[in-house]
Amino acid sequence: MDRYLVFGHPVRHSKSPFIHTLFARQTQQELEYGLAEPAVDEFAHALRTFFDQGGKGCNVTVPFKEQAFTLVDRLSPRAKRAGAVNTIKRTDDGVLLGDNTDGAGLVADLKSHGVTLADSRILLLGAGGAARGALAPLLAELPSELVIANRTHTKAQQLAAEFHDLGPVAAQTYEQLAGPFDLVINSTSASLQGELPPLAPALIHTDIAIYDMMYGASDTAFISWAKQHGARQTMDGLGMLVEQAAEAFTVWRGIRPGTKQVLRELKRNLGEI
Ligand code: ATR
C-alpha cells in the first residue's frame, strides 16, 4: 500500500492522518498515512530512510519546514518563494519534489468563506514563516494593497522588499496603521500564548473580515478580541489546515478531494459544533 506520513515535533496531536484518511476514503484511493516524530537533529536521516523504504510522500510541519526546503532535490516555484516545504512527493524516477501548499490553503479557505481578495486592502500581522508562505498566493489574488505589520518592524520591511516584485506590498509599524482594511490576517503565534498583537481597536469595523491562522476548540484570543470590537466575520485556521491538506493530496494523487465534510467532522471532534 502507498505510504505517506507527516513529520513534526511534537506531532502526536496532528490532525493530518485523520484528514488524509478521510480524503482517501472519499476518493477511493488505497493509501496509509502515519506520524513521525524524529528528534530535531535526526529529521534528515528519518526523511531519507522513509523514502528509501518506498514512502510515496510526506507532509512536514513545525519545526522541520525550513530544513525540508534544503533536503529535497527540486523545489516548486511556490516552495521557493515560501522558503519552506510542507509537502514532499517522490516522483516515479525517485526525485524528491518539495512543495508548499500552506498559502494556497489559506486562499482557498478565504474564498470558501466568500471573502473577496481582488481589489481589497489586506493587513497581514506577523512576518515569520507563516506570513512568508502566505504572501505570494495572496498577492496573486490582486489586492489593492497588502500591508505587513510586525512587532519587529525590520522583519516586516525585509518581507515587503522581498515580495515587492509580485504586487503592492508595504511594511508599517502597528502604530502607523491607518484603516480601513477589508481583511486582517493574523499569522503571528501570539494566540498560542493567549496574547494579542498590538492592534488598535479602531481598525476593527463591522464589515471587516478577520482571519486567525491559529485555531482551537474555542475562539482564539485574537478572534475574541475582534468580536468584542464589532467584527462580524471571523474565521480560524482549521479550514486552512484542511485546504492545505487537500492541495497536498492533489499533488500526490492527482485527484482533488472535497473539503466541506472533512472540515465538519474535524469541528465536531474539536467540539466546535
Ligand atoms: P511562524 O513560522 O508560525 O510564522 P515565527 O517564524 O516564529 O513562526 O514567527 C512568529 C511571528 O509571530 C513573528 O512575526 C512574531 O513577531 P516578531 O518577529 O516580532 O518576533 C509574531 N509574534 C509572536 N508573538 C507575538 C506577540 N505576542 N505579539 C505580536 N507578535 C507576535
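The values are calculated or read from the model by the stated rules, or taken from the named source; none is laboratory data. A quick note: this is a predicted structure, and the numbers were derived from the prediction, not measured. When we count neighbours, we look across all protein chains shown, and the Cβ atoms used for this are built from the backbone with ideal geometry, even at glycine. Keep in mind that these areas ignore ligands, DNA and RNA; they rest on the heavy atoms of the full protein, side chains included. Shrake-Rupley method; radii C 1.70, N 1.55, O 1.52, S 1.80 Å.
On inspection, residue 82 qualifies as within 12 Å of the chain's Cα centre (by Cα), open to solvent by less than 20 Å² (accessible area, probe 1.4 Å) and more than 23 Å from residue 262 (Cβ to Cβ). Against the conditions (1) closer than 27 Å to residue 268 by Cβ; (2) over 17 Å from the mean Cα position of the chain (by Cα), residue 19 satisfies every one except (2).
Taking the condition near the ligand (Cβ under 9 Å from one of its atoms) and at positive phi, does residue 126 pass? Don't jump to the end; show me each part of the working.
Numbers: near the ligand (Cβ under 9 Å from one of its atoms): yes; at positive phi: yes.
Against the criterion (near the ligand (Cβ under 9 Å from one of its atoms) and at positive phi), residue 126 qualifies.
Checking 173, 154 one by one, the residue that is within 15 Å of the ligand (Cβ to nearest atom), open to solvent by 20 Å² or more (accessible area, probe 1.4 Å) and in contact with a His (Cβ under 6 Å, 6 or more places away or on another chain) is 173 and no other.
With respect to residue 104, determine if the residue is small (Gly, Ala, Ser), over 26 Å from residue 134 (Cα atoms) and surrounded by 19 or more Cβ atoms within 10 Å (Cβ to Cβ). In short, no.
The residue that is nearest to residue 119 (Cα to Cα), counting only those in segment 176-192 that are open to solvent by 60 Å² or more (accessible area, probe 1.4 Å) and over 19 Å from the mean Cα position of the chain (by Cα), is 182.
Scan segment 149-157 and tell me whether some residue there is farther than 19 Å from residue 81 by Cβ and in a strand (DSSP E or B). I'd like the intermediate steps shown before the answer.
Of segment 149-157, the ones farther than 19 Å from residue 81 by Cβ are 149, 151-154.
Subset that is in a strand (DSSP E or B): 149.
Yes, the conditions are met somewhere in segment 149-157.
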